[in-house]
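Note sheet for the following structure.
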Amino acid sequence: MTYVVTEACIKCKYTDCVDVCPVDCFREGPNMLVIDPDECIDCTLCVPECPVEAIFAEDDVPDQQKNFTALNAELSKIWPAIIERKPAPADADTWAKIKEKKSLLER
């Protein structure tokens with residue numbers, strides 16, 4: 001099993017999760033992070049670090065966000081690894097309160 005970054009990360013892109021990942025499985029896109037399912041070791045360390053609760057175990061991804069499982073797998077193959085925490089975007093706290101953001105995903 002792997003972990004999956006879901007819609008809540010879009011436009012927030014907090015990187016607290018990156019600091020605790022022992023295998024550097026996070027990949028960085030223009031406005032969100034994803035997890036490489038081939039690298040993830042199911043350690044759960046990233047889950048409590050995410051301030052917007054965007055990370056779920058693959059089996060626990062909410063039904064309306066199941067497509068993010070495939071999206072993480074797809075985008076992790078083309079986005080570069082992120083191995084160090086970076087500052088969140090200046091407007092991340094504002095975006096954290098917005099629920100419907102799928103259409104804002106930048107590839």
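Please treat every number below as a calculation from the coordinates, not as lab data. Predicted model, so just to flag it, every value in this text is computed and none were measured. Positions of Cβ are generated from backbone atoms using ideal geometry, with glycine treated the same way; all protein chains shown enter the neighbour counts.
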Answer yes or no as to whether Thr94 is among the hydroxyl-bearing types (Ser, Thr, Tyr), surrounded by fewer than 20 Cβ atoms within 10 Å (Cβ to Cβ) and either in contact with a His (Cβ under 8 Å, 6 or more places away or on another chain) or part of a loop (DSSP other than H, G, I, E, B) (or both). no
For the stretch 66-82, indicate whether the set of residues that are basic (Lys, Arg) and more than 14 Å from Val5 (Cβ to Cβ) is non-empty. yes
Does any residue in the stretch 34-46 that is more than 18 Å from Gln65 (Cβ to Cβ) come within less than 8 Å, Cβ to Cβ, of a residue that is of a type in the set (Val, Ile, Thr) and not in a loop (DSSP other than H, G, I, E, B) six or more places away or on a different chain, and which pairs are these? Leu45/Val20
Identify, please: which residue in the stretch 51-91 is in a helix (DSSP H, G or I) and touching an Asp or Glu at 6+ places or on another chain (Cβ under 7 Å) and is, among those, nearest to Met32 (Cα to Cα)? Phe68
Consider the stretch 14-59. How many of its residues are over 11 Å from the mean Cα position of the chain (by Cα) and buried (at least 20 other Cβ atoms within 10 Å of the Cβ)? 2
